[in-house]
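S.K.: Take a look at this one; I'll ask things after.
Nothing in this text is a laboratory measurement; each read-out follows from the coordinates by a stated rule. Because the structure is a prediction, the values reported are computed rather than measured. When we count neighbours, we look across all protein chains shown, and the Cβ atoms used for this are built from the backbone with ideal geometry, even at glycine.
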Amino acid sequence: MSGLTNYENDCMIDEDQLDKEWMKQPNLYRKYSTMLAETDADRRDQKEKIDYTKAELDIYFRDKFFEKGIKFTEKVIDSNITMHGSYQLELKALGVLERKYSTLSSAVKALDHKKKALENLVQLWLASYFSSPKELKKADNSKSMDDILIEKNKDIQRKKLKEGRA
């Protein structure tokens, strides 16, 4: 499962380097999507191997019981197959592949979310969300924009008081 240990780091975003994050995103997505597809193929192969092992063991136990004159049922055959060491090893290998597939599937979904987060962060950056506050410029040489807005609000309040709506 090499490469899986870093997927949490690969899904992190450095907001100060959005350009580099965007440059890395396609390769990361390709890397994990490829690993997911390969693991899915391995998983299918392992399921076929399990079916083959089960068929071989079925024949083996039927021949063995027949030679010894032992009467058997389908349930007895299935139980012997299920308990056999080679069948258990194949199931265990499938379990490992299932966990790897699940982890890679989560990584690919996380990279989809990372892409959307990058898109949103760029939109915020374009809207100057991350910029530092700027001082309001003066409309004329004597009053700042803040002073003008305060005076305008005072005028509105005075007018409302005169009209009796305050």
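S.K.: Contact list please: Cβ distance under 6 Å, first residue in segment 98-110 and closer than 13 Å to Arg30 by Cα, second residue part of a helix (DSSP H, G or I) and of a type in the set (Gly, Ala, Ser), pairs at least six apart or on different chains.
M.R.: Filtered contacts from segment 98-110: Val108/Ser33.
S.K.: Suppose the filter is assigned to a helix (DSSP H, G or I) and out of contact with any strand residue (DSSP E or B) (no Cβ under 8 Å at 6 or more places or on another chain); does Lys20 pass it? Steps first, answer last, please.
M.R.: Details: assigned to a helix (DSSP H, G or I): yes; out of contact with any strand residue (DSSP E or B) (no Cβ under 8 Å at 6 or more places or on another chain): yes.
In short, yes.
S.K.: Can you tell which of Thr34, Thr39 is of a type in the set (Ser, Thr, Tyr) and surrounded by 15 or more Cβ atoms within 10 Å (Cβ to Cβ)? Working first, answer last.
M.R.: Values: Thr34 fails: surrounded by 15 or more Cβ atoms within 10 Å (Cβ to Cβ).
None of the other options fit; the residue is Thr39.
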